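This report refers to the structure that appears directly beneath it.
The values are calculated or read from the model by the stated rules, or taken from the named source; none is laboratory data. Note that the coordinates shown come from a computational prediction; the quantities given were computed from them, not determined experimentally. Every residue, glycine among them, receives a Cβ derived from its backbone with ideal geometry; neighbour counts consider all protein chains shown.
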Amino acid sequence: MSTTNKTENVMTDEASDSDRVIIFDTTLRDGEQSPGASMNLEEKLQIAEVLEGMGVDVIEAGFPIASAGDFECVHQIAQVVKDSTVCGLARATKPDIERCAEAIKPANSGRIHTFIATSPLHMEFKLQMEPDDVYQAIIDSVSYARSFTDNVEWSCEDGSRTEHDFLCRCVEAAIDAGAGTINIPDTVGYALPNEFAELITMLKNRVPNIDKAIISVHCHNDLGLGVANSLAAVAAGARQIECTINGLGERAGNAAMEEIVMALKTRSDLMPYASGVETEEIMRASRLVSTVTGFNVQPNKAIVGANAFAHEAGIHQDGMLKHSGTYEIMTPESVGLNESSLVLGKHSGRHAFQEKLKELGFNLGDNALQDAFKRFKDLADIKKDVFDEDLVALVNDEAVRANDRIKLGSLEIICGNVHAEPKATLELIVDGKAATCTATGDGPVDAAFNAIKQLFQHSARLKLYQVHAVTGGTDAQAVVTVRLEEDGRSVNGQGADTDTMVASVWAYVNALNKLLVKREKKAPDAITA
């Protein structure tokens with residue numbers, strides 16, 4: 001199998017281009033490892049399409065050995081994506097590498113990303129291997145990966161806590177064995193920016209063949225320094241950054257791609273490096289990942305938070321009215337927040353609706369457009385004004401439900417202070433078969449969720465129930481997030497509707513559907529790079 005073509009050739013050119021930073025997005029792999037962030041095949045394909053469209057260089061699509069579902073996701077993405085390199089993760093074992101090679105085989109440009117831990121702590125307690133054995137495993141795994149593709153990346157897990165002499169020895173061996181990209185992860189978010197930059201400088205100075213590989217970094221955000229460490233590494237000579245949309249990832253998450261890309265674009269005076277990312281697509285990607293995973297973006301999140309371009313203080317508003325540059329270092333339009341010239345309502349037609357969706361970054365097929373238009377008309381009958389945020393919630397909610405095995409048929413709630421006990425009558429459609437029941441509870445939400453349990457029995461526990469309004473006003477759509485946990489597996493579900501109870505049931509049902517997918521996955525040990 002050969003996967004050496006367009007993207008790898010670009011990478012070869014970029015190795016000598018000191019101004020180009022390769023963006024390696026691992027939302028579909030490391031991001032999905034965040035508790036509750038499980039995604040199904042269709043959702044991963046949607047996100048991969050958006051990532052490719054925004055110009056991401058490398059898409060790490062998953063960990064093929066993890067499960068049949070993970071393999072299929074990587075395999076399908078490898079068939080669909082044409083312009084980005086499709087990457088799969090593999091531990092330093094032959095079965096992992098073989099499975100990864102098979103998964104990326106259809107790709108125009110495919111990469112095997114193999115890794116092993118190199119810090120004293122990880123080698124002794126996790127791997128229970130001697131340093132010499134780890135060193136040999138690096139040579140064997142990279143060499144074996146090269147037998148399938150010329151595009152091989154090697155990572156030293158917990159690199160920031162690895163002894164420098166051993167790290168230099170391992171990096172040199174990996175390059176000699178055929179790794180074209182050397183990734184240095186700050187796996188537990190331990191490093192400080194100056195310390196991490198010095199680590200990259202040390203490798204450039206001490207590893208004799210380092211010029212034959214691109215240095216990559218993968219920084220976690222445990223101390224809130226993932227982006228800062230990544231940028232410091234670039235200033236020291238790294239030319240690939242591994243990151244995720246919205247900073248999604250294990251524990252406190254990964255370096256946020258939108259922050260990295262906009263930092264490079266905004267501060268080119270001090271960091272004269274560029275990425276190939278179309279920044280105007282950032283909001284679309286952020287919204288999709290948030291909807292699919294059920295992880296809401298905090299309002300004060302840099303770049304993509306609801307308040308990122310909001311100004312309330314009087315002195316700020318006065319400055320903005322005089323010159324936007326007084327309090328904005330970038331424009332909303334530069335990240336895809338465009339002021340609309342189209343206002344939609346119940347009299348708006350299909351063409352205007354379609355143009356509005358295009359303006360918001362959505363290009364739907366005929367069937368999906370028809371379904372979304374019907375829901376828009378239903379929403380417009382309820383709400384006087386339909387805002388952009390409403391349409392984003394509507395379209396994303398429709399996409400989330402598209403392949404659910406369990407669906408809401410109908411819901412009727414009786415509650416209030418004149419009734420002895422809240423009651424919910426619910427119809428669920430499971431694999432095409434409808435069933436109805438009535439249940440009671442401490443409140444309307446509890447009654448509805450008890451009805452779901454009667455119709456689809458499960459042992460999952462409710463860990464989170466959260467509601468927020470998409471816009472202002474009493475007719476605002478509610479977006480509900482539900483987190484379920486079963487046997488150590490955690491999933492998030494989301495639902496949106498002007499009726500909070502309907503949104504709640506949709507969210508719970510969405511979480512159950514994700515749980516069904518997650519039941520099929522068996523995550524191997526040690527999959528953090």
Next on the checklist: Tell me the residue from 263, 173 that is of a type in the set (A, V, I, L, M) and in contact with a Phe, Trp or Tyr (Cβ under 7 Å, 6 or more places away or on another chain), please.
Outcome noted: 173
Next on the checklist: I'd like to check something: does the stretch 237-253 contain any residue that is touching a helix residue (DSSP H, G or I) at 6+ places or on another chain (Cβ under 6 Å) and more than 22 Å from residue 47 (Cβ to Cβ)?
Outcome noted: yes
Checklist entry - Does the stretch 189-201 contain at least one residue that is closer than 26 Å to residue 290 by Cβ and at pLDDT 95 or above? => result yes
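In this structure, is residue 212 assigned by TED's automatic domain parsing to the domain that holds residue 153, modelled with pLDDT of 95 or more, surrounded by fewer than 21 Cβ atoms within 10 Å (Cβ to Cβ) and farther than 18 Å from residue 302 by Cα?
yes
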Next on the checklist: Please determine whether any residue of the stretch 519-526 is touching a strand residue (DSSP E or B) at 6+ places or on another chain (Cβ under 6 Å) and either modelled with pLDDT of 95 or more or not assigned by TED's automatic domain parsing to the domain that holds residue 24 (or both).
Outcome noted: no
Next on the checklist: Being of a type in the set (D, E, K, R) and at negative phi is the requirement here; does residue 487 meet it?
Outcome noted: no
Item to check | The listed residue being under 29 Å from residue 245 (Cβ atoms) and in the same structural domain as residue 135 (by TED's automatic domain parsing), out of 163, 153 | outcome: 153
Checklist entry - In the stretch 280-328, which residues are surrounded by 12 or more Cβ atoms within 10 Å (Cβ to Cβ), modelled with pLDDT under 90, assigned to a helix (DSSP H, G or I) and of a type in the set (Gly, Ala, Ser)? => result 290, 319, 324
Checklist entry - Do the conditions hold for residue 277, that is, is it in contact with an Asp or Glu (Cβ under 9 Å, 6 or more places away or on another chain), surrounded by 17 or more Cβ atoms within 10 Å (Cβ to Cβ) and in a loop (DSSP other than H, G, I, E, B)? => result yes
Checklist outcome for this item: Of the residues in the stretch 400-458, those that are charged (D, E, K, R), outside any loop (DSSP other than H, G, I, E, B) and surrounded by 15 or more Cβ atoms within 10 Å (Cβ to Cβ) come to 401, 407, 423, 427, 446, 453
Checklist outcome for this item: Taking first residues from the stretch 82-100 that are closer than 13 Å to residue 142 by Cα and modelled with pLDDT of 95 or more and second residues anywhere that are buried (at least 24 other Cβ atoms within 10 Å of the Cβ) and of a type in the set (D, E, K, R), the pairs with Cβ under 7 Å that are 6 or more apart or on different chains are 89/29; 89/60; 90/96
Checklist outcome for this item: The one condition residue 338 fails out of (1) at pLDDT 75 or above; (2) within 26 Å of the chain's Cα centre (by Cα) is (1)
Item to check | Residue list for the stretch 79-103, filter: assigned to a strand (DSSP E or B) and either of a type in the set (Gly, Ala, Ser) or closer than 21 Å to residue 53 by Cα (or both) | outcome: 85, 86, 87, 88, 90
Checklist entry - Within the stretch 172-211, can you find the residues that are in contact with a Cys (Cβ under 7 Å, 6 or more places away or on another chain) and in a helix (DSSP H, G or I)? => result 203, 206
Checklist outcome for this item: Those residues of the stretch 104-159 which are free of Cβ contacts under 8 Å to residues at least 40 places away in the same chain and either of a type in the set (Ser, Thr, Tyr) or part of a strand (DSSP E or B) (or both) amount to 135, 143, 147
